[in-house]
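In what follows, a structure is listed as C-alpha cells, so that the remarks can point back to it.
Bear in mind that the values in this text are calculations on the coordinates, not laboratory data. Since the model is a prediction, treat every value here as computed from it, not as a measurement. Because the Cβ atoms are built from the backbone with ideal geometry, glycine has one as well, and the counts that use them run over all protein chains shown.
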Amino acid sequence: MTRYWPRRGEKQSRVAEGSLLSPEERCGQHFRYRDLIEVGSTWEQHRIDNRPRERATYEAMAALCTKVLDPVQTKFGGLDLTYAFASPALDKLVHRRPSPNTTRSRDQHAGCELNSKGKPYCSRLGLGVDFRCPGIGSAAVARWVIENTAFDRLYFYDDSRPFHVSVGPDNKRQATLMTKLPSGRLMPRRISISYFDRVLPTASPIV
Ligand SMILES: [Zn+2]
C-alpha cells in the first residue's frame, strides 16, 4: 500500500542534497513540484530555494495532487495556487509581513519537514495549499472539495478569497470557517456542507 507520510515516531528519510527531486518533475496529472514550491507573493518577491529536504514532503505533494488538486483542476480548471509548501526560510519571510495568517505548528504548510531536533514542525504532517479558481466563487469550489475529495482539513474565509485545504494522516475531513473579528484575529468555527448550501445562490447548483 502506498503511504504518503511517515507513521508518527518513524524515522524519516532525508533527501541527499545532490539528489533532491527536480521541481520540474510531475507530481500529478496537472501539476509539477515547482507549482507547490515556487508559489505565493512572498516567494515571488524573494525567489529563495524553497525545496523540501524530506522525502515524505515530496510524497505529501504527490498525495495533495492526487487526492485534491488534480480532481479540482479536472472539474473546474484554471486553479490559481496562492501558497503551498513553506521551508523554514520562506516561513521566516512570510512572518515579516503585517498579517502572515500562517501557523507553522498547525496549518501543514511545513509539510513533513523536521526541525533541528528531528521533530516535525507540524505534527499533523501531510501538506496544506491555498488556492482559488478565478471566475468561480470559493464557496462553490470548497463545497465540491468537501463532498468529493479525501482532504484532511479545510479553512474557508469568504467567497472572494482563496481557501486552505490539506491532506494528511489524520484524514479528518474537517471544515472550519475563519471569520475575521474587528480586532483582526481570526475566529474558527466548525462547519458542515450545509453552511455552503446556505451561502451559495440557489440558482447555480454545483453538479
Ligand atoms: Zn493555508
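Key figures for this structure:
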{"item": "Three-way shape label, the chain, alpha-carbon gyration tensor, a/c 1.5", "result": "prolate"}
{"item": "Within a Gaussian network of the chain (alpha carbon springs, distance under 10 Å), most fluctuating of S41, S87, S116", "result": "S116"}
{"item": "Relative contact order %, the chain, counting alpha carbon pairs below 8 Å whose residues are six or more apart", "result": "17"}
{"item": "Sum of -39500 (n - 2.57) over DSSP H runs of 4+, divided by residues of the chain (222 nm, nearest 500)", "result": "-6500 deg cm²/dmol"}
{"item": "Over 25 Å between alpha carbons, listed pairs K67/K117; K119/K172; K67/K172; K119/K180", "result": "K67/K117; K119/K180"}
{"item": "Electrostatic dipole magnitude of the chain [Cβ: Lys, Arg +1; Asp, Glu -1; Cα centre; debye, to 20]", "result": "780"}
{"item": "Neighbour-count ranking [beta-carbon atoms within 10 angstrom, fewest first] of H30, H109", "result": "H30, H109"}
{"item": "5 angstrom amide H check on T82, placed H, neighbours 5+ away", "result": "D130, F131, R132"}
{"item": "DSSP beta bridge pairing in segment 24-199, given as percent antiparallel to the nearest 5", "result": "85"}
{"item": "Hits among aspartates and glutamates - C-alpha to C-alpha of K75 under 20 Å, sequence gap 8 or more where chains match", "result": "D35, D130, E147, D152, D159, D197"}
{"item": "Reachable aspartates and glutamates, given that their alpha-carbon falls under 16 Å from the alpha-carbon of K92 and they are not under 8 places away in the same chain", "result": "E38, E44, D49, D107, E113"}
{"item": "Under 14 Å, Cβ to Cβ, from T149 - net charge with Lys/Arg +1 and Asp/Glu -1", "result": "+3"}
